[in-house]
Structure formats: structure tokens, C-alpha cells
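Everything below concerns the one structure shown next.
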Amino acid sequence: MIDAPPRAGRPLPGPDTLLHRREQIVADVVRQGFIDNLHPLCGVLDLDTLDELMLSLKTVYPADLPAVHTIAAKAITLRPVLARFAEAGIGCEVASPGELELALAAGFPADRIVFDSPAKTMPEITRALELGVSFNVDNFEELARVDQAVARIGRTRSVIGVRLNPQTGAGAIDAMSTATSTSKFGIGLADHRDEIIDAFSVRPWLTQLHVHSGSQGMSVEHAAHGVRLTAEVAADVNARAGFQQIQRIDVGGGLPVNFQSDRITPTFADHRAALEAAVPRLFDGTYTLVTEFGRALTAKAGTVVARVEYTKVTGGRPIAITHAGVQVATRSIFAPEAWPLRVEVYDPRGRRREGKPRVQDVAGPACFTGDMLAVGRELPDVRQGDLVAVPDTGGYYFSTHFSYNALPRPAVYTVGTDSDGHRRWSLARRAQTIEQIVTEAGEPSLEPLPFVSPARPSD
Ligand SMILES: *Cc1c(COP(=O)(O)O)cnc(C)c1O
């Protein structure tokens, strides 16, 4: 029995620290000349914040509790940053063949990778099995395929699980809720409970249960309720088997991020407390715990910095035209109510403006009216040549580029304090060049392909 007293884990950076780091970042970006006419915006990840988030996650759980914490690759598909997670002993949750190969390239060992796509092809299932990567089966048809693959390849080191949809309902954002009664992921628990238990009883190699109730907009209690239902299934599977068939419970990710201020809330400690209240069994050492956080491990570490190209007044409203828009903040531009972002104004030398606020709009560079980073926002006067900083963009924003208007992927830099206390800057991802955009826009001309013609009636 593992003793699990209430734990806060390693302290997280406070609001003053996060603001101070961002101010230093913008000043450094100016000094280093990262913003110029060819590169009017960039992304920056603060490695100190990233490391503190990572350490906080690891330390809120008892050190002797068997656990595999993974970073959800889709939140941060930057190879050297994923490599940093790998070096820290974190695993990687992947959901596509590209993410799987990226995780391997970043150095995650196969036994710390979890593969969760709902649309795995037969070769992907085979590859996962051969690598010994853990994966979670999404539906009964996939399970039939896995039966074939296991019969062919044998039982490898892969921990194979089933993803449950606990059907506990939606959070605040429908598009981010994966546990409604009709959500597309996993096998519906309310619909198929008996079939799920039957499926485990004839497949002793199924040893994991997975649940991910959704992301942003999902309360920790709501997610914990889904885990509780999952643990009940685990108990039933084990009782039917007469031995502990379920070895691991994968509780997914989905800890929401506060986009309103520099306060980190809720915390991993809050998440853990909710889990412990709902499912004490999870902390007694029976099961290996798997987590799959994305946004909560990354968002607060990221800042987009973009130049203000022009300002103007239209219909009495001051509008600043910047280079940060839909290409880098896709979700916020298309669904601003669900994904509001803060905007800060810095002068051309990188000092934060603190003048009297005025109601202004901040626009992106793309050619559609909705490309607005902020509408009717109270901000210090924005002037031509200023910089805007967009906090909390470390998760999904850099990894989810939208190539509207053929706008290039910006460079992403990292900055962190080394062991001598020096600030060190690195390039995590080069900016996409205009030449690359032209090359990736297709073939130079339309060449005829070998074509299998349908038989003509005369043939
Ligand atoms: C996206 C995703 C995650 C990570 O979600 P966050 O909200 O970024 O923590 C974890 N698990 C699965 C299966 C996912 O699809």
C-alpha cells in the first residue's frame, strides 16, 4: 500500500515570474534581431517554465507509484522540444504515423510511447506491435484487426488497451468534449459495457484501459468521474478473469489552461486531488498510471511575438495590423469565444507599454475579415513598429500551423537558464521559406499520369 499524503508537488512559477520572463523574452527577441522584414513574427518557448511544469507533474504523484507520464505530441510537434521531454523521462502520446515516427526520432523509448489514433491502418497496428509501443484500441472493428495482427506477430512487449468513452457528457467546449454519448472516440461504456468485459475475458493480452474525457473546458471533477467509471470496468474485468488482467489505467490528458491571466490554474495537484477523491484505488499501487497531458504541460511556456506593420482608424476604431493571425492562432481566430488570447503591447525596443488603455482591434495579416487577434480590447496605444506578444501559446499554436494565404510557418526559438545561470537561446524550428512554400504548392505543371482506362464497349 502506497502512502499518498496530499502533495502540492514542485512549486509552479507565479504570475510575476511569468510576466517577467515574457518581458525579458520580448526584449531579447528585439536585441537578437529575430524579427525583421522577412520574419515579422516568431514563437518562443521558455524552457524554464516548461521544465517547471514537467517537474510539477512528476512530483504531485508519490515517487513510488508506478506511472508513465506522457506529453501529447499534437500539442508540441517540435522535435528538439519533444527530445527534452524524452530526456526528462517523460513518455509521448501519439495519434498518427507521423507523430509516432517523430516520437521515435525525438528519442522516446518504445515502452514510453502510447499510440491512440482512432483510425489506425493495419500496417500502423503491425508497426506498433513490432516496436513494442503501447496502443489503445478505439472500437470493436479495430479489435478484430488487432486479433489478426497478434495471431500473426505474437504477443510483443506492447501494452494493448481499449479506449472507453465514459459517456459522461460535454464540457464547456463541444468540439473539445470526447465523452458525450455520441462522441467519436472509444467504445461507449453505457452502450457496450457487457461486450467490453466479454472482449477482455477472451483476450488475456488486453491489459490496459484508457479514457480521455476531453480537453480545454473540462473540469477536473468531470474528467475524474470518467476515470472512476473506467476503474470500475477494470475491477469487473479482473474479477471475471480471476487475476489482475488490467495492469495499467491510462487517464488521458485534458487539464484546462487559464488563458485569462498569468496564474497557472487548475494545477496538476488539483487534477491529482480530484482523481484521488474519485478513485482512491488508483493510488494504492495496483495499477500503473498513465497520463497524457498536452496543453497543461506547454501552453504557459509559449509566446508569439509579432511586429505591428501599420495602424489606422476605421469607423472610429483604432486597428493595429500585425503579422500574428490565423496562420499561428487558428483556433482562436475561428472560435474566439472558446479560445480567447491575451495581447500585450511592446515598443520597438521591446519594452512593455503601460500607457492609458484605449479600445482597439488587433488584426492578423490574412485576407479575410475574421482574422482578428483581438476585437474591442482595452490596450495601451499601439503604434507602427511596435511588437505584440501573445502569451499562453506554447501548446497547439506552434504545432498547428494553418497555411492560409500561403503564410509561412514562423521560426520557434527556445530560451532557458543553463547550469551557470546564463540565458541560452536556441532555434527549435526554422521558419518556412518562401522557396519552400512554392515547392510545396504542387508540381510545376500538370503531367499526364499512367491511367487505367475503363474498358470501352467496342473492346
Ligand atoms: C489531445 C489528447 C490529449 C492531450 O489533451 P490536452 O488537452 O492537450 O491535455 C491526451 N490524450 C488524447 C487521447 C488526446 O487526443
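What the table below lists for this structure:
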read-out	value
Burial order of peptide ranges 391-398, 34-41 (average beta-carbon count within 10 Å, highest first)	391-398, 34-41
Neighbour net charge for Leu78 - beta-carbon separation under 10 angstrom, K R +1, D E -1	+3
Whole-number percent relative contact order across the stretch 166-271, with pairs defined as alpha carbons under 8 Å at least 6 apart	28 percent
Ordering of 79-87, 331-339, 442-450 by packing [mean C-beta count within 10 Å, highest first]	79-87, 331-339, 442-450
Cα-centre dipole for the stretch 236-317 with unit charges at Cβ (Lys and Arg positive, Asp and Glu negative), debye to 20	420 debye
Accessible area expressed per residue, the chain, with surrounding protein chains retained (probe 1.4 Å, Å²)	45 Å²
Length-normalised contact order for the stretch 353-459 - Cα pairs under 8 Å, 6+ apart - percent	16 percent
Peptide ranges 311-317, 113-119, 208-214 listed from the most packed, as the mean C-beta count within 10 angstrom indicates	208-214, 113-119, 311-317
Local electrostatic count at Pro408 - Lys and Arg +1, Asp and Glu -1, tallied over other residues with Cβ under 15 Å	+1
Selection from Val227, Leu57, Gly91, by position along the positive dipole direction of the chain (Cβ)	Leu57
Charge dipole (debye, nearest 20) of the chain; +1 at Cβ of Lys and Arg, -1 at Cβ of Asp and Glu	760 debye
Positive-end residue, the stretch 73-164 charge dipole about Cα centroid, Cβ charges, pick of Leu164, Ala106, Pro118	Ala106
C-alpha center-to-center spacing [the stretch 415-459, the stretch 299-317] in angstrom	28 Å
Neighbourhood charge, 14 Å Cβ-Cβ cut-off, centred on Gly132 and excluding it, Lys, Arg +1 and Asp, Glu -1	+2
Share, in percent, of DSSP beta bridges within the chain that are antiparallel, nearest 5	45 percent
Length-normalised contact order for the chain - Cα pairs under 8 Å, 6+ apart - percent	18 percent
Cα centre as origin, Lys/Arg/Asp/Glu Cβ charges: the stretch 248-374 dipole, Debye	520 debye
Most positive-pole-ward Cα, Val375, Ala329, Ala27, against dipole of the chain from beta carbon charges	Ala27
Cα centroid separation - the stretch 79-100 against the stretch 376-397, whole Å	29 Å
Theoretical ellipticity at 222 nm over the chain - DSSP helices of four or more residues, -39500 (n - 2.57) apiece, nearest 500	-9000 deg cm²/dmol
Axial C-alpha extent at least 30 Å, average Kyte-Doolittle at least 1.6 - helices from the chain (DSSP)	none
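The values are calculated or read from the model by the stated rules, or taken from the named source; none is laboratory data. Bear in mind that the values here come from a model prediction, so they are computed numbers and not experimental data. In this analysis, Cβ positions are derived from the backbone assuming ideal geometry, glycine residues included, and neighbour counts consider all displayed protein chains. To get the accessible areas, we keep the full protein, side chains included, count just its heavy atoms, and leave off ligands, DNA and RNA. Shrake-Rupley method; radii C 1.70, N 1.55, O 1.52, S 1.80 Å.
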